[in-house]
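K.L.:
Can you keep this structure in mind? I'll have questions shortly.
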Amino acid sequence: MGTPEFARYQLWSLLNHPEWNVVGVVTQPDRPAGRKMKPQPTPVKTLALEQGVPVLETSGSVDELIPILKSWKPDVALVVAFGKILSKNFLEEFRSLNIHASLLPRWRGAAPIQRAIMAGDTKTGVCLQIMTEQLDAGDIIGCREVDILPSMNACDLHDILMKKSPELFHEMKAYLEGKLRPKPQSSEGVTYASKIKKEEGEIDWSKENNQIFCQIRGLALGPGTFTFFRGKKLKIHRGEPVECVQELPGKVVAVTKDDFTVACGKGALRILEVQEASKKRMWVSEFLKGHNISVGDVLGGNKHV
């Protein structure tokens, strides 16, 4: 049971593993996408249809599918980024396991990859847990840990965790065979990864440079970060923290042919890649060819200022 690319990779791994037999897939309905907003199948549905795997979709409660799912006679329901809450009725009917992209109990919830980077975490991972009514609070069957390097953004980390997750199938098999006992999650260190809101993408230059650096990296998976320059929205795709004598936050303190540097509440951020509204992202070296940015210019505020 899953929807996006992260889940598609797990399905692909199961389909190519001799010890597993995928009896069917449940995913979300086709959604409009692209410039023409034509309905597009989810990555999970696309792969399932290519491989001849039965597919069920629902825009409502999964409970309405229970009779059909029972006819499939599954040993387990593996849930990966499905995007829907499963009811108590469903969890009682099927043994349900979930692959979650964090080291539980840290970052329970919808956006664990982004929140881990935004918080400046240096480690994260993936966990296989038993699903319960309480969000991401089930007993742990297995985990894999990875380092979060300063060079990684959320897109990079997403792909690393996605490819790491199939290693948990070993523990899943042992658990289903009764050879592995799950461990309860700790009651300490619980944090929640709430859904990302668009307004979280606006840069507050009064924050420390490392906080803004983590914000840019964390929101690379969406919706991205932005500021305002001369009244127009400017997306910031890539930057790096640097030392700086304390200046007005948002003030441009240095400009070269390849970048410009903006003062923060502490330190500064060297801006390397940007994107104007309705245009392609570009390196600052290209952006500066068409824009005159000078030391003393100030970024921030909003489009009404």
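K.L.:
Of the residues that sit in the range 4-13 and are within 14 Å of the chain's Cα centre (by Cα) and either assigned to a helix (DSSP H, G or I) or modelled with pLDDT under 95 (or both), which one is surrounded by the most Cβ atoms within 10 Å (Cβ to Cβ)? It would help to see each step written out before you state the result.
P.N.:
The first filter runs over the range 4-13 and keeps only residues within 14 Å of the chain's Cα centre (by Cα), leaving 4-7.
Restricting the remaining residues to those that are either assigned to a helix (DSSP H, G or I) or modelled with pLDDT under 95 (or both) gives 5-7.
Values: 5: 15, 6: 22, 7: 26.
Out of the qualifying residues, it is 7.
K.L.:
List the pairs whose first member sits in the range 232-244 and is in the same structural domain as residue 263 (by TED's automatic domain parsing) and in contact (Cβ under 8 Å) with a residue 12 or more places away in the chain, whose second member is in a strand (DSSP E or B) and of a type in the set (Phe, Trp, Tyr), and whose Cβ atoms are under 9 Å apart, counting only residues at least 6 apart or on separate chains?
P.N.:
233/226; 234/226; 234/228; 235/226; 236/226; 238/283
K.L.:
A follow-up question, please. Could you tell me which of the residues 104, 97 is part of a loop (DSSP other than H, G, I, E, B), touching a residue at least 60 places away in the same chain (Cβ under 8 Å) and out of contact with any Pro (no Cβ under 8 Å at 6 or more places or on another chain)? Spell out how you get there, then give the answer.
P.N.:
Working: 97 fails: part of a loop (DSSP other than H, G, I, E, B).
Answer to the check: 104.
K.L.:
Can you name every residue in the range 14-68 that is surrounded by 14 or more Cβ atoms within 10 Å (Cβ to Cβ) and of a type in the set (Lys, Arg)?
P.N.:
45
A quick yes/no check of all residues on (1) surrounded by fewer than 18 Cβ atoms within 10 Å (Cβ to Cβ); (2) in contact with an Asp or Glu (Cβ under 9 Å, 6 or more places away or on another chain); (3) assigned to a helix (DSSP H, G or I):
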| residue | (1), (2), (3) |
| --- | --- |
| 200 | yes, no, yes |
| 217 | no, yes, yes |
| 220 | no, yes, yes |
| 228 | no, yes, no |
| 235 | no, yes, no |
| 248 | yes, no, no |
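K.L.:
Is the range 162-174 home to any residue that is among the hydroxyl-bearing types (Ser, Thr, Tyr) and not in a loop (DSSP other than H, G, I, E, B)?
P.N.:
yes
The values are calculated or read from the model by the stated rules, or taken from the named source; none is laboratory data. What you see is a predicted model, and the numbers here were worked out from it, not measured in a lab. Backbone-built Cβ (ideal geometry, glycine too); neighbour counts: all protein chains shown.
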